[in-house]
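Written out below as structure tokens is the structure these notes cover.
The values are calculated or read from the model by the stated rules, or taken from the named source; none is laboratory data. Quick caveat, the model's predicted, so the values are computed rather than measured. Cβ placement follows ideal geometry from the backbone for every residue including glycine, while neighbour counts extend to all protein chains displayed.
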Amino acid sequence: MGKVWFVGAGPGAPDLITVRGTRLLAEAGAILYTGSLVADTALQWAAAGCEIADSKSMDLEQVTDWLLTRAERHATVVRLQTGDPTLYGVLAELARPLDAAGVEVGIVPGVSSAMAAAAAAGECLTLPEVTQTVIFTRLGGRIPMPAGEALADLARHRCTLCIFLSIERIDAVAETLIGAGWAPDAPVVVVHKATWPGEELVQRGSLSDIAGRCRDAHIVRQAMILVSPALGARDAPGGATSKLYDAGFERRFRGKRAGDE
Ligand code: SAH
């Protein structure tokens, strides 16, 4: 029996997959991918003769069967997913039957779209003394949110929120945050198709106008919503910025000198 690897393809740009990911794609006897951009990444690295299939029209059971049957034939099988495979995918559901069948499973992390969106916008997700916490979340949809994880609950923390899978309801996101006490003029960044060659779009706005701006820019899918008190830190007058780099901090926490505590 071969080993099935769940590999993160990264957010879109084919060169944002990890070196380990490309090595496994090159070794793989079979690759099952989701999404058109991921296909480009897969094809770029796959060896001649590798079985490559799109799981778009498969249900969970068919995907499992595909992976199981290929693991019987090949030493290395890759399930290639967008971003990082541990976020908002069906890794657990797919791995369970593989575990039960005694097929070894490995996971290779990928650059999540949350990270790619922050980089595209030139923003930091944490800022000393402003926010030191990042929440990855989404609005509930077909899959309801677990107790205590409604956006209104999470908003109380006033930390960075990376909101996946919710661009279709950005008006509800904004209303909820304002309802939870965020200022209507709090900044929001929406990044559409972060890192996709030629298609990336960074839309800035405030909670009160971001929904309209996204509508005008035709951003209706494949977008990350970032809300955070750290947004715009590079433009902050005088820099509401990092104590990490002041001299006292440096002495205490970086290079301790002789005589320092
Ligand atoms: N595992 C993926 C997330 C899959 S869920 C990851 O780690 O990124 C799909 C959601 O991810 C989309 O609704 C969107 O919110 C976000 N997303 C995926 N790729 C994106 C990209 N290139 N730019 C912006 N958002 C993206």
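Points worth noting:
The rows are residues; the columns are (1) acidic (D, E); (2) without any contact (Cβ under 8 Å) to a residue 24 or more places away in the chain; (3) part of a strand (DSSP E or B).
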residue	(1), (2), (3)
M1	no, no, no
V4	no, no, yes
T22	no, yes, no
D40	yes, no, no
Q44	no, no, no
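- Flag if D54 is at pLDDT below 95 and assigned by TED's automatic domain parsing to the domain that holds V7: yes
- Test: residue in segment 117-133 that is touching a Leu at 6+ places or on another chain (Cβ under 6 Å) and surrounded by fewer than 18 Cβ atoms within 10 Å (Cβ to Cβ): yes
- The number of residues in segment 183-197 that are away from the ligand (no atom under 11 Å from the Cβ) and under 11 Å from A114 (Cα atoms) comes to 0.
- Scanning segment 91-98 for any residue that is assigned by TED's automatic domain parsing to the domain that holds T34, within 11 Å of the ligand (Cβ to nearest atom) and modelled with pLDDT of 95 or more turns up at least one such residue.
- Any chance T22 is of a type in the set (S, T, Y) and either within 14 Å of the ligand (Cβ to nearest atom) or surrounded by 15 or more Cβ atoms within 10 Å (Cβ to Cβ) (or both): yes
- Residue match in segment 45-53 (condition: within 16 Å of the ligand (Cβ to nearest atom) and of a type outside the set (A, V, I, L, M)): no
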